[in-house]
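Have a look at the structure below before the remarks.
The values are calculated or read from the model by the stated rules, or taken from the named source; none is laboratory data. Source: prediction; values computed, not measured. Virtual Cβ from ideal backbone geometry, glycine too; neighbours counted across all protein chains shown. Heavy atoms of the whole protein, side chains included, go into the accessibility calculation; ligands, DNA and RNA do not. Shrake-Rupley method; radii C 1.70, N 1.55, O 1.52, S 1.80 Å.
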Amino acid sequence: MFLEDLPMWGYIGEVEGEDLLLGHLETARRYLYPHLHFSIGYNVDQIVSVNVSTNPQRKVDITDDLMETDVSFSYSVEWVPKPELTWENRMSRYHDSRFLPGTFEIHWLSIINSFVLVLLLTAFLTIILMRVLKNDFTRYMDVEEDEMGEEESGWKLIHGDVFRFPNQTNLFAALVGAGGQVSQNEAKV
């Protein structure tokens with residue numbers, strides 16, 4: 001919650017007897033704090049500090065989901081004069097807060113771990129590709145040496161047809177373009 005851009009935080013309830021590790025959720029009791037106490041510090045006509053607190057003695061048991069529970073919410077406000085705290089320095093108390101980290105720590109272990117992982121994956125991929133390419137090249141070279149005079153097969157049979165310029169180029173381009181438009185229109189419908 002914010003008041004005059006000053007953050008405030010507090011608890012709105014608690015859970016007692018909850019043990020997630022052992023799986024004892026049936027015995028857990030859930031409580032709600034229905035009263036909030038706002039302490040607002042001011043300096044002349046400017047709000048310079050805010051705080052919200054709850055009273056743990058005034059709690060309502062909301063454990064039973066099936067039972068309807070009437071809860072009356074309330075709040076109280078206390079205006080505290082803070083002449084020593086100016087508007088310019090009002091955020092200074094949040095710099096030393098437990099909720100905000102004092103410094104942003106760089107997690108070097110995670111960065112190094114990620115870098116090493118990338119290097120290992122790249123090395124594994126390179127090794128696998130080199131083995132596959134080596135096997136392909138040795139097989140291709142063996143076939144070429146053994147079958148010098150024999151009939152060509154595979155890619156060697158169609159390599160001349162792949163790069164041949166088609167007859168009636170304008171008609172071919174029109175049919176390919178119209179086919180692309182028709183297939184695109186059918187995909188939209």
Given (1) modelled with pLDDT of 85 or more; (2) within 33 Å of the chain's Cα centre (by Cα); (3) under 30 Å from PRO83 (Cα atoms), LEU32 misses just (3)
Can you tell me how many residues in the stretch 45-69 are open to solvent by 80 Å² or more (accessible area, probe 1.4 Å), out of contact with any Pro (no Cβ under 7 Å at 6 or more places or on another chain) and closer than 25 Å to TRP9 by Cβ?
1
Any idea which residue in the stretch 1-16 is nearest to GLU88 (Cα to Cα), counting only those that are in contact (Cβ under 8 Å) with a residue 40 or more places away in the chain and open to solvent by 50 Å² or more (accessible area, probe 1.4 Å)?
GLU4
Would you confirm, using the coordinates I've provided, whether MET130 is modelled with pLDDT of 75 or more and open to solvent by 100 Å² or more (accessible area, probe 1.4 Å)?
yes
Among residues of the stretch 105-117, those that are loosely packed, with under 10 Cβ neighbours inside 10 Å and in a helix (DSSP H, G or I), counted:
3
